[in-house]
Amino acid sequence: MGGPSNDPEIEALRERQMMNMLATLMLSRGVPTLLDGEEFRCSQDRNNNAYCQDNVISWYDGSLRSQHQEIYDFISGMVSFRHRQMFLCTEEFYTSDDVIWFDAAGKIPDWSAPQWQLGCYLHPLDFAPDELGILCNAEDNVLEFKFPGRSANGWPQVVNTARSGKLDDAVLESSTVYLSPFPVVVLERISWK
């Protein structure tokens, strides 16, 4: 899928996958790092060693921001979301008490086999009872995801990269979530202290 393309389907998939990668970066613990320009698809022509280039490979194309405003808005929203989730900003690794992993059937994943769907609850004990549910579908078909041990009913869906990366507050009304192809979906449960 590398290289320039005018195919709208390829470009849509690239945008979605970029939002997926940016979402996983912003949902990781520690300090996320982006190269300046990545928020609007400045890829250095796919050259990861452009520090010594003083040519079009390392120069910024100012039109890319307006051309890829959706990615820019998405990463801006994810940065704001991250700031509201204090447990994402700590530098300690998660413990087995902080995260629960599950597959699409709501069961413990088989880590010895490839995983095309994966979900987790993040519920660091220092921040209980606040929680995030993160769901990923790496297949090109719609997937039914079951929540293990609790209901997704009433959890606001705050990120869905399948909806053009919009950060929204659609509330789920079921314990089953249907994921379109290739999204990252984040659900949030906040206790009002």
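The values are calculated or read from the model by the stated rules, or taken from the named source; none is laboratory data. Just so it is clear, the structure is predicted and the values come from calculations on it, not from any experiment. For neighbour counting, all protein chains shown are included, and Cβ atoms are generated from backbone atoms with ideal geometry for every residue, glycine included.
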### Query
Within the stretch 38-46, can one find any residue that is in contact with an Asp or Glu (Cβ under 9 Å, 6 or more places away or on another chain) and more than 19 Å from Phe81 (Cα to Cα)?
yes
### Message
Take the residues in the stretch 102-124 that are surrounded by fewer than 18 Cβ atoms within 10 Å (Cβ to Cβ) and under 16 Å from the mean Cα position of the chain (by Cα); name whichever of them is nearest to Asn6 (Cα to Cα).
### Response
Trp116
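Restricting to the stretch 20-62, count the residues that are outside any helix (DSSP H, G or I) and within 18 Å of the chain's Cα centre (by Cα). Before the answer, list the steps.
Taking the stretch 20-62 first, the residues outside any helix (DSSP H, G or I) are 27-37, 41-43, 47-49, 53-62.
With within 18 Å of the chain's Cα centre (by Cα) added as a condition, the list becomes 27-35, 41.
Qualifying residue count, the stretch 20-62: 10.
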### Summary
With criteria (1) basic (Lys, Arg); (2) farther than 14 Å from Thr161 by Cα; (3) touching a Pro at 6+ places or on another chain (Cβ under 9 Å), Arg16 comes up short on (2)
#### Entry: Subset of the stretch 56-73 (residues that are of a type in the set (Phe, Trp, Tyr) and in contact (Cβ under 8 Å) with a residue 12 or more places away in the chain)
Tyr60, Tyr72
### Odd one out for Arg189 among (1) at pLDDT below 85; (2) within 16 Å of Leu27 (Cα to Cα); (3) in contact with a helix residue (DSSP H, G or I) (Cβ under 9 Å, 6 or more places away or on another chain)
(3)
### Given (1) on the phi < 0 side of the Ramachandran plot; (2) out of contact with any Phe, Trp or Tyr (no Cβ under 8 Å at 6 or more places or on another chain); (3) at pLDDT below 75, number of the condition Cys89 does not satisfy
(3)
### Message
Within the stretch 16-26, take every residue that is touching a Ser or Thr at 6+ places or on another chain (Cβ under 8 Å) and not aliphatic (A, V, I, L, M) and give me the one that is modelled with the highest pLDDT.
### Response
Asn20
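Among the residues of the stretch 38-63, what is the count of those that are within 18 Å of Arg16 (Cβ to Cβ) and either touching a Phe, Trp or Tyr at 6+ places or on another chain (Cβ under 6 Å) or of a type in the set (Gly, Ala, Ser) (or both)?
Of the residues in the stretch 38-63, 3 are within 18 Å of Arg16 (Cβ to Cβ) and either touching a Phe, Trp or Tyr at 6+ places or on another chain (Cβ under 6 Å) or of a type in the set (Gly, Ala, Ser) (or both).
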### Message
Tell me yes or no: at least one residue of the stretch 165-182 is assigned to a strand (DSSP E or B), under 14 Å from the mean Cα position of the chain (by Cα) and modelled with pLDDT under 85.
### Response
no
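I'd like the residue in the stretch 117-141 that is hydrophobic (A, V, I, L, M, F, W, C) and modelled with pLDDT of 90 or more and, out of all such residues, is farthest from Leu187 (Cα to Cα). Reasoning before the result, please.
Taking the stretch 117-141 and keeping what is hydrophobic (A, V, I, L, M, F, W, C), we get 118, 120, 122, 125, 127-128, 132, 134-136, 138.
Now restrict to residues that are modelled with pLDDT of 90 or more: 118, 120, 134-136, 138.
Details: Leu118: 14, Cys120: 10, Ile134: 6, Leu135: 8, Cys136: 12, Ala138: 18 Å.
Taking the candidates together, the pick is Ala138.
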